[in-house]
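Novice: Next up is a structure, given as structure tokens.
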Amino acid sequence: MSPPKPGRRDFLKSSMASSVALLVGCHSETLYGPEVGSDDGTDGVGGLDADVSPDLSAPDLPTQDPGDSRETSDDIVSDAEIQADGDANSLDGEVDAEPACDDPFLGGEMLAVLPFYDEDTSSFHVKVNAGWDGRLYTDLRTLEADGLIIPTERFYLRTFEPDLKDVTLDWSLTLDGLVETPVTLTMADLTPLIAPRGVHLLECSGNGRSRGFGLMSACAWDGVLLSDVLAMVTPQTAGVQVRVEGYDGHSVPSTHSTPGASWVFTLQQLAEAGAFIATGMNGAPLVGDHGAPARLFIPNWYGCCAIKWLDRITFVDATEPPTAQMQEFATRTHQVQPLPLAAIDFQPATMDQAAMPVRIEQWALGGETLYRIIGVMWGGYEPTTALEIQVGSGAWESVTVCPAQTTNDTWTLWTHAWNPVEMGLVGIRLRVTDASVPTTRLDSEYYLREVVI
Ligand SMILES: Nc1nc2c(c(=O)[nH]1)N[C@H]1C(S)=C(S)[C@@H](COP(=O)(O)O)O[C@H]1N2
Ligand SMILES: [Mo]
């Protein structure tokens, strides 16, 4: 059978049976067009997915995949557990203000986790490629209310530890440029200043659907406030900016990306964001692939700014040009074209409020088949309650996020009960209806995911 290539709208209207036939016969491009933004952390040519070619030879069949299903509903966090969590966090004698979260699936049985359409789930949590192009994709399907901190070995990777890095040499960090006296710091200088810096999410600006948006993770970080380190030198003039660099000595060049990682920030941007030099993840010292012994971390800025194997911070003036990485990642950090000539005129590479589904569960409940869409919201600058969801051609519905989003530092889980009115391939869209909440990337449908019912 060679079905005609349908337009997207027709496709969504088609029956389940013909959808499956079409899915088997169609290349994804027919349905999606080229993906804007690949999952490799580079812009590629014209923002197209120029270099990542997910293995399409063995696509997930768009059927309910028993291999993905959970045996029982034990993994599902019940009201009681959420309550218990809240109780554990509250001080003795204090009234727990956390409202009970309604669970429409109570007493039901989870049957399966449905695969997202046309996403490669084959290599989550394993290191793929090498060196500069090395990646590890986090499996976001595993996210649970009590599992929102990703263990270090599952935290996503973009670029492995450089093979030319001499790990026998003691690390040092040089502060130079437009300063009275340059200084070189060792770990002994930083150690007394190391403290827990909280749970923060990191997302690669090139995070992409083809690999399940797996270039995003959150964990608890330790480190030293960057402002404390910058205060160790005296800027020659009213210091405005710094250029931050890391070590990037790879013997094998990247197939597509400009070597090096370097970014220019104003002192104000770093101070306002609470930037720190991370030295630890999840209670242990940083491991090599995550930038040991020290990396930059700027809460709520894209991963491309989180310079690993940090070794130099240079004070520069307002005429400093953008670095190669700032230009390479310009589309992904939502810069306006033509690009400014000075780094200071670049938009900050911050993450607007975003949201997407991470797991679609099929449940049996009271003789009916229902679906539970579990998702995350992250990024943004103020917590919001204005999240809405649309499944397929259904109406936009408010998402009751419970417990509510209270921080923009890390992701917040939400769930949405869904009773399908149409069969076939359906897209899942999210939006924020509060016009004061910037949602540039969300609104571009960057985080659209699809599922076949
Ligand atoms: N020195 C250096 N730092 C780097 C990079 C790099 O290639 N070299 N990649 C950046 C990018 S694009 C991302 S998304 C994050 C990834 O951090 P992680 O691998 O610890 O998750 O590191 C950033 N820091
Ligand atoms: Mo990235």
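Novice: Starting from the Kirkwood Rh over alpha-carbon pairs, what translational D in µm² s⁻¹ does segment 213-342 have by Stokes-Einstein at 37 °C and 0.692 mPa s?
Specialist: Estimated via Stokes-Einstein, D reaches 209 µm²/s.
Novice: Tell me the net charge near residue 323. Cut-off is 11 Å between Cβ atoms, residue 323 excluded, with +1 for each Lys or Arg and -1 for each Asp or Glu.
Specialist: -2
Novice: Obtain the radius of gyration and the Kirkwood radius of segment 138-221 from its C-alpha atoms and give Rg over Rh.
Specialist: With Rg and the Kirkwood Rh in hand, the quotient comes to 1.08.
Novice: For a quick protection proxy, order the peptides 183-191, 205-213, 356-364 by their average other-Cβ count within 10 Å, most packed first.
Specialist: 205-213, 356-364, 183-191
Novice: Order the peptides 278-286, 291-299, 121-129, 218-226 from the highest to the lowest mean number of other Cβ atoms within 10 Å of their residues. Before the final figure, lay out each step's value.
Specialist: On the way: 278-286: 18.8, 291-299: 24.0, 121-129: 15.4, 218-226: 20.7.
Top to bottom by mean Cβ count within 10 Å: 291-299, 218-226, 278-286, 121-129.
Novice: Ordered by packing density, taken as the mean number of other Cβ atoms within 10 Å over each peptide's residues, highest first, how do 266-275, 166-175 rank? All intermediate terms of the calculation are to be shown ahead of the outcome.
Specialist: Values: 266-275: 17.2, 166-175: 12.3.
The packing order, highest mean first, is 266-275, 166-175.
Novice: For segment 315-453, what is one quarter of the convex hull surface built on the Cα atoms, given in nm²?
Specialist: Mean projected area for segment 315-453: 10.8 nm², to one decimal.
Novice: A further question follows. What does the charge add up to near residue 357, with Lys and Arg as +1, Asp and Glu as -1, over the other residues with Cβ less than 11 Å from its Cβ? Numbers along the way, then the final one.
Specialist: Values: positive: 141, 359, 372, 429, 449; negative: 361, 450.
Taking every other residue near residue 357 into account, the sum is +3.
Novice: Any chance you could list P(r) for segment 183-265, counting all Cα-Cα pairs in 10 angstrom bins from zero, rounded to whole %?
Specialist: All Cα pairs, binned at 10 Å, distribute as 12, 29, 38, 19, 2 percent.
Novice: May I ask for the distance between the Cα centers of segment 384-429 and segment 321-370, given as a whole number of Å?
Specialist: First find each Cα centre; the distance between them is then 18 Å.
No lab work stands behind these numbers, since they all come straight from the coordinates. From a predicted model like this one, the values you see are computed outputs, not experimental measurements. Using ideal geometry, Cβ is built from the backbone for each residue, glycine included, and neighbour counts are taken over all protein chains shown.
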